[in-house]
1. May I ask you to compute the full-extension gain from Arg45 to Asn71, defined as 0.36 nm times their residue separation minus their alpha-carbon distance, rounded to one decimal in nm?
2. What nm distance separates the two modelled labels at Ile23 and Lys84, each placed 7 Å from Cα along Cα→Cβ?
3. So for the chain, averaging the separation of alpha carbon pairs under 8 Å that are six or more residues apart and normalising by length, what relative contact order in percent results?
4. Of Lys28/Lys67; Lys16/Lys41; Lys58/Lys84; Lys12/Lys49, which sit over 19 Å apart, Cα to Cα?
5. Which order, highest average first, do 54-61, 33-40, 76-83 follow once you tally other Cβ atoms within 10 Å for each residue and take the mean per peptide?
6. Over segment 3-89, what is the percentage of antiparallel beta bridges among all DSSP beta bridges, to the nearest 5?
7. Using only helices, what value at 222 nm comes out for the chain when you add -39,500 (n - 2.57) per DSSP H run of length 4 or more and divide by the total residues, to the nearest 500 deg cm²/dmol?
8. Binned at 5 Å from 0, what are the whole-percent values of the Cα-Cα distance distribution for segment 3-89, short to long?
Amino acid sequence: MTRQQAWQSLEKRMAKKHRGHHIGGPGKPDYTRGGVQGEVKQRTRPLTKLEVMEECRKGRTEIVCNKGFSNQARQYVERYRRGKVKLIHRK
């Protein structure tokens with residue numbers, strides 16, 4: 001399986017797991033479920049605060065990352081986006 005196919009399959013699996021509809025594509029959320037927009041990231045390192053802030057500006061309310069999130073990213077969501085953005089760590 002190529003790298004592109006791996007992240008596409010991860011997006012589809014996470015959309016199904018979170019009972020959403022897979023969309024994908026540049027500038028679009030990876031999945032939607034009602035008013036919830038989800039973004040799936042397959043990374044080799046944790047997502048940083050700036051990357052989380054960028055996704056929040058795009059209107060994403062769920063962010064899924066296989067390598068987790070930096071401490072600063074978690075603190076940002078806890079302080080400024082509490083109850084609005086959900087960070088999900090998938091192993």
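1. Using 0.36 nm per residue and subtracting the Cα-Cα distance, I get 8.1 nm.
2. Spacing of the two 7 Å Cα→Cβ label points: 1.8 nm.
3. Result for the chain is 21 percent.
4. Pairs exceeding 19 Å: Lys28/Lys67; Lys12/Lys49.
5. Those peptides, ordered most packed to least, come out 33-40, 54-61, 76-83.
6. DSSP beta bridges in segment 3-89 are roughly 35 percent antiparallel.
7. Helices in the chain give a 222 nm mean residue ellipticity of -11500 deg cm²/dmol.
8. Once binned at 5 Å, the Cα pair distances of segment 3-89 give 3, 15, 28, 25, 19, 8, 1, 0.
A short reminder: the numbers here are calculations on the coordinates, not readings from a lab. Computed from a predicted structure; not experimentally measured. Glycine also receives a Cβ, built like all others from the backbone with ideal geometry; neighbour counts cover every protein chain displayed.
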